[in-house]
Amino acid sequence: MSQHREPSHLRPTVPERPSLDGLEDKWDRAWSEQGTYTFELGRPRDQVFSIDTPPPTVSGSLHVGHVFSYTHTDIVARFQRMLGKDVFYPMGWDDNGLPTERRVQNYYGVRCEPSLPYDPDFQPPQEGGEGKSAKAAHQVPVSRRNFVELCERLSTEDEKQFEALWRHLGLSIDWTQTYQTIDQHSRATSQLAFLRNLARGEAYQQLAPTLWDVTFRTAVAQAELVDRDQPGAYHRIGFERAATVDAPTDDAVGSPHADTAGQRVHIETTRPELLPACVALVAHPDDERYQDLFGSHVIVPLFGTEVPVVAHRLAAPDKGSGIAMVCTFGDLTDVVWWREMHLPTRAILGWDGRILPEPPMGLDSPEGQANYKQLAGLTIFSARQRVVELLRAAGDLEGEPQPITHPVKFFEKGERPLEIIPTRQWYLTNGGTDEELRAQLLARGDELTWFPDFMRVRYQNWVEGLNSDWLISRQRFFGVPFPIWYPVDQFGHPVYDRPIVPPEDRLPVDPASDTPAGYKPEQRGKPGGFIGDPDVMDTWATSSLTPQIATHWRDDQSLYESTFPMDLRPQAQDIIRTWLFATVVRADLEQHSLPFYNAAISGFILDPDRKKMSKSKGNVVTPMGLLVEHGSDAVRYWAASARLGTDAAFEPGQMKVGRRLAIKLLNASRFALSFLAEDGDAPAASPAAALGLDPELVTEPLDRSMLAALREVVEVATEALAAYDHTRALEATETFFWTFCDDYIELVKARAHGAGGPQGARSAQTALGLALSALLRLFAPFQPFATEEVWSWWHQDGDSIHRQPWPVPAELGAADRTDPAVLAVAGGVLGALRKAKSEAKVSMRTEIIAATVAVPPDLTAAAVAAKADIMAAGRAAELTLAASDTDTIELVTAELA
RNA sequence: GGGCCCAUAGCUCAGCUGGUUAGAGCACCACGUUUACACCGUGGGGGUCGGGAGUUCAAGUCUCUCUGGGCCCACCA
């Protein structure tokens, strides 16, 4: 070792054995200290590239899918920065909402009880609980303020871990630009946008049937629904016709002619417990079986209510018996029937999903009330069993229930089926009830550039299918409160249609503790006083404003003007209908523009069974473990190998390839730099070494050909990255790089050492330097750590590679000075010589006494141009280039030493 | 019921507007201690491009159809 080149002959900082270990921490620290990714502000809008980073839900854990998609965005950010843009790349934390509440409940073993007073000395009973859903009975009740404090405390801890992961991954985020969706600024922005919506009539309050989750005891929005197949059963129930026609003397039950005789009509239902909520029967207007029933009344079994039989086109003759009972409310179709036919309301379900204690209006008969008493307070499940028992006893249940499996609507985060309960809620217009707005929002979808383009269709489908406005109020605790109070009238009732709003400069407000202007705190809840709106906004109602929050629409005009509308919204495909659409709605209403120009949609990560990776499958690998095991550049390489919009397999093999590439970058660079350093007046010694190399010094055809090929790579990679096609850019760069290592470096090794004289050496050294410089910058967005490490060996001025200019073809010399085929042909001939040695099972070092290689005639000149380099690399004393009669390069003879 | 995406080597994927003999990496086999790299290098084997039909001088690529996956929306008596 010591008889060879001393380390001091290399650039002083080039390590003897380069390694990837520790690069993440080393460079994260350096970038942080140097402010490498700091947004500068002050440049015109067209020199800024702004990114609407998705704020991850901090209450959930990050998984490989996050690492995957955030890497895609970081590649864009780094590319744009090297193109010379001032990149605005903030990070938000979505800590607002139900997931945080649920996590806090489990972690600290508490639950929110708004009626309790605040306890400033409260200590949670536990820390670090991760139980799936601890029983509510074991959770300590705490005040709303205590609960919110715990939410904030845990979120802050979670956010630190998230930041550590993102830094380790090498995301080039400006860590001075962060926000939380629950912080003061986000609250104020969210409240301000809401007040503007309210002032323009886009936000409104309505008492209406609402999709309701009985576990979380809150309303949910259309966008949060999912269908799940559930077991159920059809119950065939007989309704007696009301006594407006001749009453038959014989008992109709069991009679084969019961239906046709008009005495009894049978419906089939999966929700027998809703019988007391029945307000009508409905059949299709053209259904011949029920023509004589329309307009008449029937009696609800057990409960004695008299309800009309009505006709409506939505009734399906082929479902069940073709006639259905309308309840308030069993499903969304019930709501339509109820609304369109002005049926009465007989709600029987409370917020907790239990049967209300008092029977609804119209349930007047003594037997009906007695039966109802048996249901009061029961859960839906128990009530159903009870009703079936009662029906059976009364002889109103025909046959046995027929088990079926059917889709039932759930809140996507919920565990029990949704119910529909009439409640007062806030809505925001979103085109669901307004054709003009809908058309306008569809036009916004067309205006937006989608990567890949077919994702546009998902937006269109969603907007076209909307059937209601956006329900934004939630009966929860940890969220942005509605900035609204109501006057309380002399009878103690809130006057909902005269909301009191705060001035914009007072935001954010908490109406639960703040007092509106003109009132005193002690007037809260008193007749003649005021009361705060108790609800919080849906988390999407705030995260739909991430562009406005991040760019400080509310309070920093110069930042806002230089970053909004943003350039890029990266996000996952499954939240196009929620986050993306909602963001478009808010910007359309407030700014009359798109919130961002481009949307880049990442795919999912699939496990080896081709299923979407999820926690429940037990196959989730922790992202930090992955980064530590393979190295961040390696994991990034795997992510970068997958196109936008395409689901990708979780493939450690691909990470190994990425790691190999990173190591190769270190080693090949070390080698190439050793030539630059050896030269007496090494160009590498100059601070601007990379760009100071003069392509005019590259005189050898092989060297020129290599640079010509690299020029093309630069063109392809630049074009691909500009079109968000990072895989294409990476592939082109990588393919070239391996040829560069395997063939070019081998071919010029001897010449670069001086074997061909000073001019040939200079040509090779310069070409190596030029190529290495361009290659490192081409790889920098993909492998930020390895490339930065190499750059630091070379450039001692401390400038990060990540702020260098993106390579351009011109820096590699003129395009038309040489035969571009020389490198490929020389590689082919060298390959033929290697094959001879491989087939002879001898070392590559073995001397070739004489060899003949056949080369297609049109490539002979190119081969001749590199003949000396080929002979040196192949250790051939004599090489004959014969004319091939095929168009491939073939070994003809080889005499080995 | 409507819509979108996908199907190419054992595996993961390229293959752009149709144009020689369909590519890469991993895995596999053989060889090689070559001072850039054993977290390596060199060479090699391996595919009738899911099935069928059509358009064309020419189809992995375009059209239709079938099959099999994945996803979204609608329906929910």
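The values are calculated or read from the model by the stated rules, or taken from the named source; none is laboratory data. Please read these numbers as outputs of a predicted model, since none were measured by experiment. For neighbour counting, all protein chains shown are included, and Cβ atoms are generated from backbone atoms with ideal geometry for every residue, glycine included.
Of the helices (runs of 4 or more DSSP H) lying entirely inside segment A:365-466, the ones with 1 or more residues being free of Cβ contacts under 8 Å to residues at least 40 places away in the same chain and closer than 30 Å to A:GLN571 by Cα are found at A:435-447, A:456-465. Each residue in segment A:639-650 was checked for being more than 6 Å from RNA strand B (Cβ to nearest atom) and of a type in the set (S, T, N, Q), and 1 of them qualify. With respect to A:LYS837, determine if the residue is on the phi > 0 side of the Ramachandran plot and within 12 Å of RNA strand B (Cβ to nearest atom). Against the criterion (on the phi > 0 side of the Ramachandran plot and within 12 Å of RNA strand B (Cβ to nearest atom)), A:LYS837 does not qualify. Out of all the residues in segment A:289-298, is one or more away from RNA strand B (no atom under 11 Å from the Cβ), touching an Asp or Glu at 6+ places or on another chain (Cβ under 7 Å) and among the hydrophobic types (A, V, I, L, M, F, W, C)? Checking segment A:289-298: at least one residue is away from RNA strand B (no atom under 11 Å from the Cβ), touching an Asp or Glu at 6+ places or on another chain (Cβ under 7 Å) and among the hydrophobic types (A, V, I, L, M, F, W, C). Only one entry of A:GLY304, A:GLY254, A:GLY330 meets the criterion of being more than 16 Å from RNA strand B (Cβ to nearest atom), at pLDDT 85 or above, assigned to a loop (DSSP other than H, G, I, E, B) and closer than 25 Å to A:VAL388 by Cα, and that entry is A:GLY304. Here A:THR622 meets each of (1) at pLDDT 80 or above; (2) buried (at least 19 other Cβ atoms within 10 Å of the Cβ); (3) out of contact with any Gly (no Cβ under 7 Å at 6 or more places or on another chain) with one exception, condition (2). Cβ separations smaller than 7 Å between residues 6+ apart or across chains give the following pairs from segment A:871-889 residues that are more than 13 Å from A:THR852 (Cβ to Cβ) to residues that are in a helix (DSSP H, G or I) and among the acidic types (Asp, Glu): A:ALA873/A:GLU746.
Across segment A:263-288, the qualifying residues are those that are in a strand (DSSP E or B) and not aliphatic (A, V, I, L, M), and the one among them that is farthest from RNA strand B (Cβ to nearest atom) is A:ARG264. When A:VAL58, A:VAL76, A:VAL110 are checked against the criterion of being modelled with pLDDT of 95 or more and surrounded by 18 or more Cβ atoms within 10 Å (Cβ to Cβ), A:VAL76 stands alone in meeting it.
Before we move on, is A:ARG217 at positive phi and either under 26 Å from the mean Cα position of the chain (by Cα) or touching a residue at least 40 places away in the same chain (Cβ under 8 Å) (or both)? When the stated conditions are applied, A:ARG217 passes them.
Of all residues in segment A:840-864, those being near RNA strand B (Cβ under 8 Å from one of its atoms) and of a type in the set (Val, Ile, Thr) number 1.
Scanning segment A:190-206 for residues that are in contact with a Ser or Thr (Cβ under 7 Å, 6 or more places away or on another chain) and either under 20 Å from A:MET325 (Cα atoms) or not in a loop (DSSP other than H, G, I, E, B) (or both) returns a single hit, A:SER190.
Sub-8 Å Cβ pairs linking a first residue in segment A:309-326 that is within 15 Å of A:GLY238 (Cα to Cα) and touching a residue at least 12 places away in the same chain (Cβ under 8 Å) to a second residue that is in a loop (DSSP other than H, G, I, E, B) and within 7 Å of RNA strand B (Cβ to nearest atom), at least 6 apart or interchain, are A:GLY322/A:ALA315; A:GLY322/A:ALA316; A:ILE323/A:ALA315; A:ALA324/A:ALA315, ordered by first then second residue. Which count do you get for residues in segment A:651-664 that are within 9 Å of RNA strand B (Cβ to nearest atom) and in contact (Cβ under 8 Å) with a residue 40 or more places away in the chain? Going through segment A:651-664 one residue at a time, the tally reaches 4. Quick one: is A:ALA850 in contact with an Asp or Glu (Cβ under 6 Å, 6 or more places away or on another chain) and in contact (Cβ under 8 Å) with a residue 12 or more places away in the chain? Answer is yes for this residue. Check A:THR429, A:THR423, A:THR405 and return the single one that is of a type in the set (Ser, Thr, Tyr) and at pLDDT below 90. Sole residue among the options that is of a type in the set (Ser, Thr, Tyr) and at pLDDT below 90: A:THR405.
Just one of (1) buried (at least 19 other Cβ atoms within 10 Å of the Cβ); (2) of a type in the set (S, T, N, Q); (3) not in a helix (DSSP H, G or I) fails for A:THR699. It is (1). Screening A:THR176 with (1) within 26 Å of the chain's Cα centre (by Cα); (2) not in a loop (DSSP other than H, G, I, E, B) gives one miss only, at (2).
Restricted to segment A:204-229, and to residues there that are surrounded by fewer than 24 Cβ atoms within 10 Å (Cβ to Cβ) and of a type in the set (Gly, Ala, Ser), the residue that is farthest from RNA strand B (Cβ to nearest atom) is A:ALA208. Pairing each residue of segment A:476-505 that is among the acidic types (Asp, Glu) with any residue that is in a loop (DSSP other than H, G, I, E, B) and at pLDDT 95 or above, provided the two are 6+ apart or on different chains, yields C-beta distances under 8 Å for A:ASP489/A:VAL495; A:ASP489/A:PRO527; A:ASP489/A:GLY528. Applying the criterion of being over 20 Å from A:LEU693 (Cα atoms) and touching a Gly at 6+ places or on another chain (Cβ under 6 Å) to the residues of segment A:743-784, the residue that is surrounded by the fewest Cβ atoms within 10 Å (Cβ to Cβ) is A:ASP743. Quick one: would you say A:LEU778 is within 37 Å of the chain's Cα centre (by Cα) and aliphatic (A, V, I, L, M)? Here the answer is yes, as A:LEU778 does meet what is asked. Among the conditions (1) of a type in the set (Val, Ile, Thr); (2) surrounded by 15 or more Cβ atoms within 10 Å (Cβ to Cβ); (3) within 16 Å of RNA strand B (Cβ to nearest atom), A:THR189 misses just one, which is (3). Just one residue in the set A:ALA883, A:ALA840, A:ALA872, A:ALA865 is exposed (fewer than 13 other Cβ atoms within 10 Å of the Cβ), in contact with a helix residue (DSSP H, G or I) (Cβ under 8 Å, 6 or more places away or on another chain) and hydrophobic (A, V, I, L, M, F, W, C); that residue is A:ALA883. When A:ALA316 is tested against (1) within 14 Å of RNA strand B (Cβ to nearest atom); (2) of a type in the set (A, V, I, L, M); (3) not in a loop (DSSP other than H, G, I, E, B), only condition (3) is not met. Scanning segment A:702-722 for residues that are more than 28 Å from A:GLY756 (Cα to Cα) and buried (at least 23 other Cβ atoms within 10 Å of the Cβ) yields A:VAL713, A:VAL714, A:ALA717, A:LEU721.
Here A:GLU504 clears all of (1) modelled with pLDDT under 95; (2) more than 21 Å from A:GLN206 (Cα to Cα) except the condition numbered (1).
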